Every structure is written in structure tokens, then in C-alpha cells.
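I have placed the structure first, in the form of C-alpha cells, so that the comments after it can refer back to it.
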Amino acid sequence: MLVVFMSMILALSITGIGSSSKASAATARTPIVLVHGLTGSDSNFTAIESYLRSQGWTRDELFAIDLPSKQGNQLLNSAAISRFVDDVLRQTGHTKVNIIAHSMGGANSLYYILNRGGASKVDKLITLGGANRLTTTTAPSGIKVTSIYSTSDTIVSPVLSRLNGANNVSVSLVSHIGLLFNSRVNALIKTALNE
């Protein structure tokens, strides 16, 4: 039993990105919260996190949430995002976060922004194949929204991703899941974060 318990502690300490319980320290850049989609998990962003670290972001600036509803329940997930963002802000000493969200994570993040007080806590929202129009047709005012979507996506139609008032960026020949692992998409994420 002790061996199992120690193995679980070791596994949790090695992963790092699934938790926002990092030591308190002010970070140089606005912290990034990574929000997965349906049936996903915080590990979906391993490649994006690795890319961002190669571009100068640190582990202390990257936080991936594991949402409670894998079916995308707006109420449950937006409440979890709210608590998670507040925790990240306390830990990093910042007043705002940037969110990168995939698929239904886009709709859940927009719901958090529009209905759970997130508008004052989010600087930039970047969605990847986001099911954004399940929440709203218009980008929230005061937040820089970039919607990156693929014309080759057979899971979330580009029509659901595009938002009025957002920087809508279309790519081709990238699958829905491929948006999480594509070098062109990574470059677009970096550009959106640096704007």
C-alpha cells in the first residue's frame, strides 16, 4: 500500500502541468491556462506546452486544467475554470491570464468569461477548433480573441469556430486533434500571445 501511495505522489510531482498548486512566485509573463475539450484531459497540451517552453515560457507560466465534465457541461466546467484561474492568479501574482482552449474548451472558456466573472481576468483567449458558437457568436469585448480553426476539421465545423470581432485564422490540412500538434498552429499561437 505504501509503495502505491509513494508511486502516486511521484507521478503527480513529475507531471507538473496538470495542477495549479505550484509554489507562489511572480512570473515574468502573463500565465497561460490550457483548457481541453470533450473527453480530453490536461495532458492534451503536452506538445503545445513543450513548444512554448522552447520559445521562452517557463513551467511556472503554464497551467493545464483537467475539467470535471468530460462531456463539456458549461456550468460545471466554467465553475472549475473560475476556481483554477483564481488559483493561478494567486500563485503567479498576476491579475490576468491568457487562455488557450481546444474544441469544447473554447465554449467552456467563453462561458466562464461571459457568465462567471472571467472578463476581468482574461487578457487573451486563443481557441483551437473551438466550438465557440455554442456559447456566443461574438468575441467578448475587452479581450483579444483569436480563433484558429481548420477547414479540414471533421469534428467541429469552422462555422462554429468563427466569432464576430475575433481574429479568425483558417488553416488547412490539419485535423481537429492535429490542431494540438501542428507547427503552423504553434506559430499562430505564439503570434497571438505576443500581440
With runs of 4+ DSSP H residues as the only contributors, calculate the mean residue ellipticity of the chain at 222 nm using -39,500 (n - 2.57) per run, divided by the residue total and rounded to the nearest 500.
-11000 deg cm²/dmol
Quick check for the chain: number of Lys pairs with alpha-carbon distance under 13 Å, counting only pairs 8 or more apart or on different chains?
6
Enumerate the whole-percent occupancy of each 5 Å bin, from 0 to the last occupied one, for all C-alpha pair distances of the range 22-123.
3, 15, 26, 24, 20, 10, 2
From the phi of every residue in the range 78-83, what ³J(HN,Hα) in whole Hz does the Karplus formula 6.51 cos²θ - 1.76 cosθ + 1.60 yield, where θ is phi - 60° and glycine or proline is x?
5, 5, 5, 4, 4, 5
Percent relative contact order of the chain, based on C-alpha pairs within less than 8 angstrom and at least six residues apart?
18 percent
Would you tell me the accessible area of ARG59, worked out with a 1.4 angstrom probe on the heavy atoms of the protein chains, in Å² to the nearest 10?
120 Å²
In order over the range 123-139: 3J(HN,Hα) from phi, Karplus 6.51/-1.76/1.60, θ = phi - 60°, whole Hz, x for each Gly or Pro, gives 8, 10, 10, 10, 10, 10, x, x, 7, 4, 6, 6, 10, 7, 9, 10, 4
Note down the net charge around LYS144, summing +1 for each Lys or Arg and -1 for each Asp or Glu among other residues with Cβ under 13 Å from its Cβ.
0
Return the single residue from HIS94, HIS36, HIS102 with maximal mean-square fluctuation; model: Gaussian network over the chain, springs between Cα atoms under 10 Å.
HIS94
Would you mind giving the average projected area, over all directions, of the Cα convex hull of the range 88-193 in nm² with one decimal?
6.3 nm²
Suppose the Debye formula is applied to equal point scatterers at every Cα of the chain; what is log10 I(q)/I(0) at q = 0.08, 0.09, 0.13, 0.16 Å⁻¹?
-0.24, -0.30, -0.62, -0.95
Diffing the range 157-171: the Karplus 3J(HN,Hα) column from phi (6.51, -1.76, 1.60, θ = phi - 60°), in whole Hz with x for Gly and Pro, holds 4, x, 4, 6, 7, 5, 10, 4, x, 9, 7, 8, 10, 9, 10
Global form of the range 68-130, assessed from the alpha-carbon gyration tensor, a/c cut-off 1.5
prolate
How far, in degrees from 0 to 90, does helix 183-194 lean away from the longest principal axis of the Cα atoms of the chain, to the nearest 10?
90 degrees
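The values are calculated or read from the model by the stated rules, or taken from the named source; none is laboratory data. The structure presented is a predicted model; accordingly, all values stated were derived computationally and were not measured. Here Cβ is always computed from backbone atoms with ideal geometry, including for glycine, and neighbour counts include all displayed protein chains. Note: areas computed on protein heavy atoms with side chains; ligands, DNA, RNA excluded. Shrake-Rupley method; radii C 1.70, N 1.55, O 1.52, S 1.80 Å.
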